[in-house]
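The values are calculated or read from the model by the stated rules, or taken from the named source; none is laboratory data. On a predicted model such as this, the values are computed, not experimentally measured, just so you know. All Cβ positions, glycine included, derive from the backbone under ideal geometry; neighbour counts span all protein chains shown.
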Amino acid sequence: MDLTHRPRRLRQDRVRDLVSETSLEPTDFIAPVFVDATTDERVPIESMPGHERVPIDESVARVEEVLETGVEAVMLFGIPESKDPEGTRAWVDDGVVQEATRRITAETDAYVVTDVCLCEYTDHGHCGPLEKELRGEVDHEHGPGCDHDPTLTVDNDATLEALERIAVSHADAGADMVAPSGMMDGMVAAIRGALDGEGYDHIPIMSYAAKYESAFYGPFRDAADGAPSFGNRRHYQMDPANAREALREVRLDVEEGADVLMVKPALPYLDIVSALRREFDHPVAAYNVSGEYAMLHAAAEKGWLDLEAVALESLLSIKRAGADLILTYFAEDVAEELT
Ligand code: PBG
């Protein structure tokens, strides 16, 4: 055959790496870490094999394990010792994330990012206080722990005030970056203003800018005990049907001062990752969420997939789609493979 083009020439072993377009580094990853104020021993998370909820006393040791793999950043999630309708344990000085952050930043070199949200702290599991609850209109005999009232929704602007307090309390504890995940309108502007007002203008905000109302968060909600006790999050998280809306959401966060733009989940939303890469100059992050992790583990457990290979391929694909950084429960395992 007289073929001019033979792309297979560049797929030979000795040249593949020279022409590869994408590569992964341990420093591309942020490893999520769950700190639990309700336990004094490590509790394995069943639906996320290899992950645990660790007590505050173990938080430094846990982060050291991450650092040993070459991953340099962690994202902290907290499970508080008690919950209430407004999530007040989210911003107290002796809260679980504040305490863990103080210890981790004092004792390690980890770059500490904190999740700024209320769903682990409210007793109803939503990402902010409920409008009706604030007005004293919730019938506590029947709710809010049930589905009987479809008009119950999160009060956006009251939540902003709480998010400001949370972000400042995390910065006070030494957090290096804050990551608001509640999908409230105006959350980035509110947090930027609050941080700047307290002298934290050097602390970047990574906004969960395009966060979808996804069924892939299931295992996380077990892990962090943050499932809504009634209804769902579709009145604040985005509709999986929408792509243009993501650009609009992200543009607002950019105008409000977001430093890093996140898409979440990752694999089912790579079109959004790649659209953000094209449209904006900011660093793009993608959150390879708990369900994406759990499903690969489950299939591997059955012997249907090679876990190491699919984990690596997943993260490579997220990067190829345009992500600069990846939040992933595979961080440690893949980092170890890479080095
Ligand atoms: C909310 C939050 C969630 C996740 C990260 N931050 C859960 C949710 O929105 O229900 C999910 C992460 C995952 O599934 O890995 N604070």
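Those residues that are of a type in the set (S, T, N, Q) and within 17 Å of GLY95 (Cα to Cα), I need them from the stretch 167-204; list them, please. Steps first, please.
Here is the first cut: in the stretch 167-204, the ones of a type in the set (S, T, N, Q) are 169, 181.
SER169, the sole residue that qualifies.
For residues that are of a type in the set (A, V, I, L, M, F, W, C), surrounded by fewer than 21 Cβ atoms within 10 Å (Cβ to Cβ) and over 15 Å from the mean Cα position of the chain (by Cα), scanning just the stretch 175-197, find the one that is nearest to GLU161 (Cα to Cα). Applying the filter and picking the extreme gives ALA194. Listed by first and then second residue, the pairs linking a residue in the stretch 326-338 that is over 9 Å from LEU312 (Cα atoms) and in contact (Cβ under 8 Å) with a residue 12 or more places away in the chain to a residue that is away from the ligand (no atom under 12 Å from the Cβ) and of a type in the set (Lys, Arg), with Cβ atoms under 9 Å apart and 6 or more places separating them unless they lie on different chains, are ILE326/LYS319. For the stretch 162-184, a tally of residues being of a type in the set (A, V, I, L, M, F, W, C) and part of a helix (DSSP H, G or I) returns 7.
So, of the residues in the stretch 198-220 that are more than 22 Å from VAL260 (Cα to Cα) and surrounded by fewer than 17 Cβ atoms within 10 Å (Cβ to Cβ), which turns out to be farthest from the ligand (Cβ to nearest atom)? Give the derivation first.
Narrowing the stretch 198-220 to residues more than 22 Å from VAL260 (Cα to Cα): 215-216, 218-220.
Within this subset, residues satisfying the condition of being surrounded by fewer than 17 Cβ atoms within 10 Å (Cβ to Cβ) are 215, 218.
Values: ALA215: 10, GLY218: 7 Å.
Top of the filtered list is ALA215.
In this entry, LEU325 is excluded by the filter for residues that are within 13 Å of the ligand (Cβ to nearest atom), within 15 Å of the chain's Cα centre (by Cα) and within 25 Å of SER20 (Cβ to Cβ).
Among the candidates LEU261, LEU327, LEU267, LEU252, single out the residue that is farther than 30 Å from TYR200 by Cβ and at pLDDT 95 or above. Reasoning before the result, please.
Numbers: LEU261 fails: farther than 30 Å from TYR200 by Cβ; LEU327 fails: farther than 30 Å from TYR200 by Cβ; LEU252 fails: farther than 30 Å from TYR200 by Cβ.
Just a single option satisfies the conditions, and that option is LEU267.
Looking only at the stretch 109-131, count every residue that is part of a loop (DSSP other than H, G, I, E, B), under 19 Å from HIS202 (Cβ atoms) and either in contact with a strand residue (DSSP E or B) (Cβ under 8 Å, 6 or more places away or on another chain) or β-branched (Val, Ile, Thr) (or both) and tell me the total. Looking only at that region, the number is 1.
Condition (residue is closer than 16 Å to ALA90 by Cβ, assigned to a loop (DSSP other than H, G, I, E, B) and under 13 Å from the mean Cα position of the chain (by Cα)) applied to the stretch 148-161: is it met by at least one residue? Write out each step before concluding.
We begin by selecting, within the stretch 148-161, every residue closer than 16 Å to ALA90 by Cβ; these are 154-155, 158-161.
Next, from what is left, pick out any that are assigned to a loop (DSSP other than H, G, I, E, B): 155.
Cutting the leftovers down to under 13 Å from the mean Cα position of the chain (by Cα) gives us none.
Within the stretch 148-161, none of the residues are closer than 16 Å to ALA90 by Cβ, assigned to a loop (DSSP other than H, G, I, E, B) and under 13 Å from the mean Cα position of the chain (by Cα).
Annotation for the stretch 158-168: no member residue is of a type in the set (Ser, Thr, Tyr), crowded, with 20+ Cβ neighbours inside 10 Å, within 16 Å of the ligand (Cβ to nearest atom) and closer than 15 Å to MET206 by Cβ. Put simply, of ALA299, ALA294, ALA309 the only residue that is in contact with a helix residue (DSSP H, G or I) (Cβ under 6 Å, 6 or more places away or on another chain) and either away from the ligand (no atom under 13 Å from the Cβ) or at pLDDT 95 or above (or both) is ALA294.
Can you name the residue in the stretch 14-31 that is surrounded by 11 or more Cβ atoms within 10 Å (Cβ to Cβ) and of a type in the set (A, V, I, L, M, F, W, C) and is also farthest from ALA286 (Cα to Cα) among such residues? Here the residue is VAL15. Taken residue by residue, the stretch 83-95 has no member that is in contact (Cβ under 8 Å) with a residue 12 or more places away in the chain, within 23 Å of VAL289 (Cα to Cα) and among the aromatic types (Phe, Trp, Tyr). Applying a threshold of 7 Å to beta carbon distances and a minimum spacing of six or more residues, or different chains, the list of pairs starting in the stretch 196-218 at a residue that is farther than 26 Å from MET238 by Cα and ending at one that is hydrophobic (A, V, I, L, M, F, W, C) and away from the ligand (no atom under 16 Å from the Cβ) reads GLU198/VAL168; GLU198/ALA171; TYR200/ALA171; ASP201/LEU195; ILE203/ALA171; ILE203/LEU195.
Considering the conditions (1) at negative phi; (2) surrounded by 24 or more Cβ atoms within 10 Å (Cβ to Cβ), ASP84 is excluded by exactly one of them, (2). With the requirement that a residue be away from the ligand (no atom under 16 Å from the Cβ) and among the small types (Gly, Ala, Ser), what does the stretch 101-140 give you? If the condition is that a residue be away from the ligand (no atom under 16 Å from the Cβ) and among the small types (Gly, Ala, Ser), then ALA106, ALA110, GLY136 are the ones that fit.
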